[in-house]
Amino acid sequence: MAVVHQAYLLQARQMQALSFAVHIPLVCFGIAFPAMVLFVEWLHLRTGDELYRTLARRWTRVMVALFAVGVITGTVLSFEMGLLWPQFTSTFGSVFGLGFAIEGFSFFAEAIFLGIYVYGWDRLSPRAHLLSGVPVVLAGFTGSLMVIAVNAWMNHPSGFRLSGGHVVHVHPVAALFGNSFLWPELLHMYVAGYIVVGFLVAGAYALGALRGRFGRYERTALAIPLAVAALASPVQVLVGDWAARDVARDQPVKLAAIEGLGPTTRGADEHLLGWYRDGRVRYGIGIPKLLSLLAFHNPDATVQGLEAVPESERPPVNVVRIAFQLMVAIGTALALLGALHLYRCARRLPLPVSRWFMRAVVLAGPASVVALISGWVVTEVGRQPWVVYHVMRTSEAVTGAGGIPVGYATLAALYAAVAVGVAWILRRLARAPLSEPEPRAEVI
Amino acid sequence: MHLYDLPLVCVLIGLALYTVLAGADFGAGFWTLLAGRGPAARTVREHAHESIAPVWEANHVWLIFVITVTWTAYPRAFGSIASTLAVPLAIALVGIVLRGAAYALLAGAVGARERARLELVFATSSILAPFALGSAVGAIASGRVPVGNAAGALFSSWLSPTGIMLGVLAVASCAYLAAVFLAADAARRGEPAIERRFRALALATGVAAGVLAAAGLAVLHGDAHHLYSRLVQGRALPGPIVSALAGAATLELVRRRRYEAARFSAALAVAAVIAGWALAQSPALLPGLSIRAAAAPHSTLVAVLVAILAGALLLFPSLGLLFSLVLRGRFEGAHTPPRPFAAAAAATAFSEGFAARLAGAGLVVGVGLLTIAEASWEHAIGVAGLLVFVLAGFAAVLPGELRAAEGGAEQPGGAGERAR
């Protein structure tokens, strides 16, 4: 198929980015929330304390509402693979498609067992009910494994050869799962899921505490997600560093964009803040040789700069660089907050330590979402101009169909409406009485 | 039958299941729109919603299955279809988004006005989506989707006689399936008034769908003659015949109130139409593109078939469990309050202090082997160390926190009582 000219390539990319940015926080709830709900239900079975049962049931309602919205936003993404990037799927579908096919099954299992779990609250024996939730947790993991496998392949493609615009010698399993990029990226996202959900849920109860609602129920509901997030956020610093070293090795242009490094440099400096222009970072704070040390564990290592490739093969530097700095800054702050919380637990200081601590927890939720989306901006914008790294450009993947601006506007309006709707239903669920919930709202 | 045909068979089975299961959901939306006003209409709406409730999320994944298997096994055909038919597919997508959102929000709606607005969105999008999907199938069936990136007409491809006809037929089929399913549910729940109503609707829409299907053949005669001749005299003939017989049988079964059997014969009538279309079109997937030429390389076809088989072995029993839970209402031994474990057993296997030291060790291993060491196996152990850190850390931190929460509630002025 011939390459077409698409006047609205940028809009197509923005539309994809919008769909993705809306979907990914919901994915976090698919990854991490079922495990937390099951843990609370397990506490109920273990102690017989009704408070844990109430908490688990209330969280289940939130989980189901968010899953339902995630089904919608996920369907949008799968349609867009064809609607926006038909050349990408038609050329490489046979290489990466398997990942999404398995992800479909995983998602199916998640939906089925979530249905059993929700419908089975009063219909299954307590033990069987707890067990019915386990596949939901597992499917959350396999689902993200599959999607990240495809993304890791796009960033670090292998398992095929190109001949006359067609793929030959295709090995889909090796392409998806024999890829060194997969594991750090998967772990980075998986841990992010626990951080985002942990801080968002904890933040909701911390906000309540600041407004004077802080009984045993709220203390418990705050303690569990906060412990999860506090343990996960320092781990994320280490996992992120691991992922960055893989980027340094296999995607030097992305690394150069992250750091705003123009010329190839031996013993490269790390710059904080600042703005990239004409091959270097201006107004930034330079730390000598730190980039070489972090990326290659050697202060005198040579780091490839942007100028090593033609301008047409460089990503938009400042977007990538600012997103990276934002992610790292927020990630570090969250890790410090987590460490502070662990220290508080070790010293047995009761919550709330101070209003400032609670305010920080409230802020940590949205901040972690910003860091999550920034991280994806680094990966995806940093991959530009390629859709399949060094193999196919985004401009070669885009659809030839018109009407992208119409689709973009429609989707933006639709998602704005959905966002209002979700905020509204979460408020409703938060206000619903705490005693046994009415069955109608259970079976969303 | 060749290896390269097998994924297509799976796609068609997925499409038939999507049409039947999600079609019934769409049709339920159609009937809520036509329910009218007043208390009788409200009962009908509530019945329609409750019948969809626990399984509806599972049904859209059939569409995801169809899409992902198609782009994996027949990527060139997928790219051509998705680009030329971008408009109807986008409309279907908007319909699915609106419908799903309205449905989720209905659970939290209280006032009559709120409900009425959401019902309207739910119902109109329930009609929009199947029409758009049906007309997209019509565009493919009438040969209006050429190979290439948006090589066909953006509008006249699906707003063609065949496209419009199949869109209308899709909406009618959804309404028909839903009426049969809803009558069956009402009979099972012992609600004779609703059952009578949906039984009448099922009979009426069954006849209407049959008439539309016959008229559809006339449209094909003029608009897609190749397809028509294959359907009425070629090898695809069994498709329309089986569909007509199953449709007639369903009417008779509904008339006799044999609803469970009618569910299956109605599904068969729809599946036979899809099978007939596939037989009439094969071996061409798109004009000038045979199934064989469109198929992915051998290794991919094997991998995707293995994945489908494994998925089916895993998912069909699970789906059976869900359906039996929903249909039977409950499992034995419903809600018995759990027996708390004995206090001795409730004490953790090791002390919180030990868990804390274990977590510390895990963190040291993680930093050492993931951050400083370089080999892959060292990284793997480092990741395991971090996992130990998180799990042991959780065991070290949480018991104290939960005890503190209990202590906190005893303080005067605590909001704990309100929480009950």
Could you tally the net charge around A:Phe88, taking each other residue with its Cβ under 14 Å from the Cβ of A:Phe88, Lys/Arg +1 and Asp/Glu -1? +1
Defining a contact as two alpha carbons under 8 Å apart and six or more residues distant in sequence, what relative contact order in percent does chain B show? 16
Compute the relative contact order of chain A as a whole-number percentage, counting only Cα pairs closer than 8 Å that sit 6 or more residues apart in sequence. 21
Restrict the search to the range A:188-224; then list the trypsin sites (Lys or Arg not before Pro) that DSSP places in a loop and that have at most 14 other Cβ atoms within 10 Å of their Cβ. A:Arg211
So, with +1 on the Cβ of K and R and -1 on the Cβ of D and E, and no other charges, what is the size of the charge dipole of the range B:76-234 about its Cα centre, to the nearest 20 debye? 160
Using helices alone, what [θ] at 222 nm do you get for chain A, with -39,500 (n - 2.57) per DSSP H run of 4 or more residues, divided over all residues and rounded to the nearest 500? -25000 deg cm²/dmol
Here the residues of the range A:219-259 lying in the modelled label zone of A:Ser158, meaning backbone nitrogen under 16 Å from a point 7 Å along Cα-to-Cβ, are A:246-252
Residue order, fewest to most beta carbons within 10 Å, for B:Leu217, B:Leu133: B:Leu217, B:Leu133
Provide the FRET efficiency to the nearest 0.05 for the A:His171-A:Leu363 pair, computing r from the beta carbons and using R0 = 45 Å. 0.45
Given Cβ point charges of +1 (Lys, Arg) and -1 (Asp, Glu) and nothing else, what value in debye, to the nearest 20, does the dipole of the range B:3-327 about its Cα centre take? 480
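The numbers here are math on the coordinates, done by the rules we state, and not lab data. For clarity, every value in this text was computed on a predicted model and none was experimentally measured. Here the Cβ is made from the backbone with ideal geometry for all residues, glycine too, and neighbour counts use every protein chain on show.
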